[in-house]
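Data first, discussion second: the structure below is written as structure tokens.
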Amino acid sequence: MAVGADLTFGVGRPTSDTQSIGIAGAGLLGRLLAWKLLHQGHRVSLFDRGSRAGECSAAKVAASMLAPYSEVVSAERCVFDWGRMALSWWPQELAALKALTGEHIDFAAEGSVVVAHELDKSSLNHFEQQLRSKVADCEHNIERIDQRRLAELEPELAERYRGGLFLAEEGYLDNGALLATLETAITQLGGVWHEYSNVQCVEAGKIVLENQAYEFDWAIDSRGMGAKNQLANLRGVRGEVLWVHAPEVNLRRPVRLMHPRYKLYISPRSGNRYVIGATEIESESMKPVTVRSSLELMSALYSVHSGFAEATLLHAYAHCRPAMPDNLPIIHCEEGLLVVNGLYRHGYLLSPHVVESALAMMGESGVGLQDA
């Protein structure tokens with residue numbers, strides 16, 4: 001079931017009611033839950049089919065945009081509400097992570113820009129109409145901008161576009177740095193890593209591997225696609241992204257290009273690096289990025305900014321995002337067992353809601369958590 005909650009968040013304090021907790025799946029949700037539970041004073045062990053570097057996680061193959069306005073056009077209203085919560089949640093957690101580890105994670109919430117070529121202006125107009133109807137109570141954060149205003153926000157885009165949309169409450173964070181910092185924090189707090197562990201099933205108080213079973217007070221299943229044998233309706237949605245280094249491009253904000261067939265997005269990183277993506281394919285293929293996708297992404301990228309012509313291709317990643325039939329996350333909690341899954345393409349946008357809701361449900365079931 002999808003669960004909504006009105007929660008106050010922050011790092012918890014250790015509690016005398018310490019319990020042992022096993023987490024199957026050390027992707028984004030698994031790491032965030034481990035981080036929060038360790039801060040509560042619990043003993044946490046993580047099991048993952050890959051290494052602690054997270055190379056097998058769908059969280060690594062993401063632009064990690066925090067874009068509730070952009071996403072709600074093709075999603076339920078709750079995605080918007082939960083996503084806006086993430087914009088205030090992430091700065092608090094990133095500050096706490098930095099205080100513990102000393103590691104900085106790039107984060108910005110200075111809005112995003114949506115543009116379209118002249119021939120595709122109808123796509124932009126349709127997008128704006130849908131967006132304003134979906135979030136009429138927040139449409140003051142949707143600004144139709146002309147070329148002059150675009151030049152104030154992103155000067156290099158104004159050379160090619162006459163205007164677009166400015167979505168003031170959107171942003172991004174550096175997912176690679178986040179995953180690495182969470183690994184450091186979990187280790188510093190005493191979390192135990194079981195790398196290259198092929199989890200067969202997760203039951204109440206038990207994580208079962210091929211040749212061994214581990215017992216805990218609580219077992220958490222956050223395996224993503226790895227849980228398909230226990231979640232009958234779980235499906236994979238393939239996504240592909242490119243990482244480029246473009247010294248001639250200087251964009252401060254995420255940029256979306258409207259297109260009749262797909263939406264190209266560009267998410268900035270430090271050092272003139274950018275994450276580019278667009279594909280969303282109903283397929284569970286884990287094959288590398290295809291030539292066709294690469295050509296389409298790079299061609300569209302060049303159409304946004306000619307400086308990308310001299311960019312260096314750093315990485316090409318493909319992965320399957322776990323999704324339920326309604327594309328909303330599930331949070332199931334019973335005594336000794338928590339199941340969280342189905343972040344779809346909204347991992348960094350919805351994980352704060354999922355984590356805080358899951359912790360609240362565990363607390364109600366007797367895990368002994370402090371009120372978050």
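The values are calculated or read from the model by the stated rules, or taken from the named source; none is laboratory data. Quick caveat, the model's predicted, so the values are computed rather than measured. Every residue, glycine among them, receives a Cβ derived from its backbone with ideal geometry; neighbour counts consider all protein chains shown. We work out accessible area using only protein heavy atoms, side chains counted, and drop any ligands, DNA or RNA first. Shrake-Rupley method; radii C 1.70, N 1.55, O 1.52, S 1.80 Å.
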Rounded percent of accessible protein surface that carbon and sulfur make up, the chain, 1.4 Å probe: 49
Normalised alpha carbon radius of gyration of the chain [divisor 2.2 N^0.38 Å]: 0.99
Selected from 72, 312, 348, residue furthest toward positive end of dipole (the chain; charges at beta carbon): 312
Debye intensity ratio I(q)/I(0), log10, region 226-372, q values 0.09, 0.18, 0.19, 0.22 Å⁻¹ (C-alpha model): -0.39, -1.03, -1.09, -1.30
Given charges at beta-carbon only (K, R positive; D, E negative), |dipole| of the chain in Debye: 700
Proximal lysines to residue 228, defined as alpha-carbon separation beneath 29 angstrom and excluding residues fewer than eight positions away on the same chain: 36, 60, 206, 263, 287
Spatial separation of Cα centroids for region 24-77 and region 118-180, in angstrom: 27
Cα gyration tensor shape for region 56-106, rounded if a/c is under 1.5, else prolate or oblate: oblate
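So, for region 223-271, what is the accessible surface per residue at a probe of 1.4 Å, expressed in square angstrom? List each step's numbers first, then the result.
On the way: 1820 Å² over 49 residues.
Accessible area per residue: 37 Å².
Quick check for you: with a 1.4 Å probe and neighbouring chains kept, what is the accessible area per residue of region 29-188, in Å²?
37
Could you work out the relative contact order of region 88-163? I mean the mean sequence separation of Cα pairs under 8 Å and 6+ apart, divided by the number of residues, in percent.
Details: 33 pairs, mean separation 15.4, N = 76.
In percent, rounded to a whole number, it is 20.
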Mean separation of Cα contacts under 8 Å (6+ apart) over length of the chain, as relative contact order %: 25
Selected from 306, 197, 45 as most flexible by GNM, with the chain as the system and alpha-carbon contacts under 10 Å: 306
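Under the definition of Cα pairs under 8 Å and six or more residues apart, what whole-number percent is the relative contact order of region 259-353?
Once divided by the residue count of region 259-353, the mean separation gives 18 percent.
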Within region 44-177: Cβ-based charge dipole about Cα centre, in debye rounded to nearest 20 (Lys, Arg +1; Asp, Glu -1): 220
